[in-house]
Amino acid sequence: MNGGHQRGPDGHWYDDAAGPLVRPYAMTGGRTRPGTAVAALDLIALVLAEPGAADDPALEPEHNALLALCRDEPLSVAELAADADLPVGVVRVLLGDLLTLGSVRVSTPVPPAQLPDERILREVINGLRAL
């Protein structure tokens, strides 16, 4: 036994506390980055499953788990990683696959540099008050 890991009688690796282990690189096929839309998959990007996206037997179970999590409401990449109990890097790769298939929609927040200036907002408020 090395570091709490042991091989079970069926040949699968087990962790004493966590149960069966699947290495992250096995879930992503060795990929460390999503194929497309790398910038769109930051931690606060919101992900929503497309209305027609259903569990696909051709997809890995982790893909289907992510689809199930964001089917009813948009969740951030960070929330998906936490809810699926997967590393963020793995979730980004899996979401990249789902984006390529058209199974999810990703909304990125407006960068602070593109938000209106506070001075402009104050002028709008003052103009509304003057009405």
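The values are calculated or read from the model by the stated rules, or taken from the named source; none is laboratory data. If you're wondering where the values come from, they're calculated on a predicted model, not measured in any experiment. All Cβ positions, glycine included, derive from the backbone under ideal geometry; neighbour counts span all protein chains shown.
Of all the residues that make up the range 54-71, how many are in contact with a strand residue (DSSP E or B) (Cβ under 7 Å, 6 or more places away or on another chain) and either more than 19 Å from Val88 (Cβ to Cβ) or in contact (Cβ under 8 Å) with a residue 24 or more places away in the chain (or both)?
Number of matching residues: 3.
Any residue in the range 107-123 that is at pLDDT 85 or above and aliphatic (A, V, I, L, M)?
Scanning the range 107-123, I find no residue that is at pLDDT 85 or above and aliphatic (A, V, I, L, M), so the answer is no.
If Leu48 satisfies every condition in (1) assigned to a strand (DSSP E or B); (2) touching an Asp or Glu at 6+ places or on another chain (Cβ under 6 Å); (3) of a type outside the set (Val, Ile, Thr) but one, which is the exception?
For Leu48, the exception is condition (2).
Tell me the residue from Asp97, Asp55 that is in a helix (DSSP H, G or I), of a type in the set (Asp, Glu), surrounded by 12 or more Cβ atoms within 10 Å (Cβ to Cβ) and at pLDDT below 90, please.
Asp97
Considering only the range 100-121, state which residues are assigned to a loop (DSSP other than H, G, I, E, B) and touching a strand residue (DSSP E or B) at 6+ places or on another chain (Cβ under 7 Å).
Scanning the range 100-121 gives a single hit, Ser103.
Filter the range 69-93 for residues that are under 17 Å from Glu50 (Cα atoms) and either part of a loop (DSSP other than H, G, I, E, B) or in contact with a Phe, Trp or Tyr (Cβ under 6 Å, 6 or more places away or on another chain) (or both) and give the result.
Selection gives Cys70, Arg71, Asp72, Glu73, Pro74.
Of the numbered conditions (1) crowded, with 16+ Cβ neighbours inside 10 Å; (2) more than 10 Å from the chain's Cα centre (by Cα), Val77 fails exactly one; give the number of that condition.
So the condition that Val77 fails would be (2).
Taking the options Leu21, Leu69, Leu41, name whichever one is of a type outside the set (Ser, Thr, Tyr) and at pLDDT 85 or above.
Within the list Leu21, Leu69, Leu41, the selection yields Leu69.
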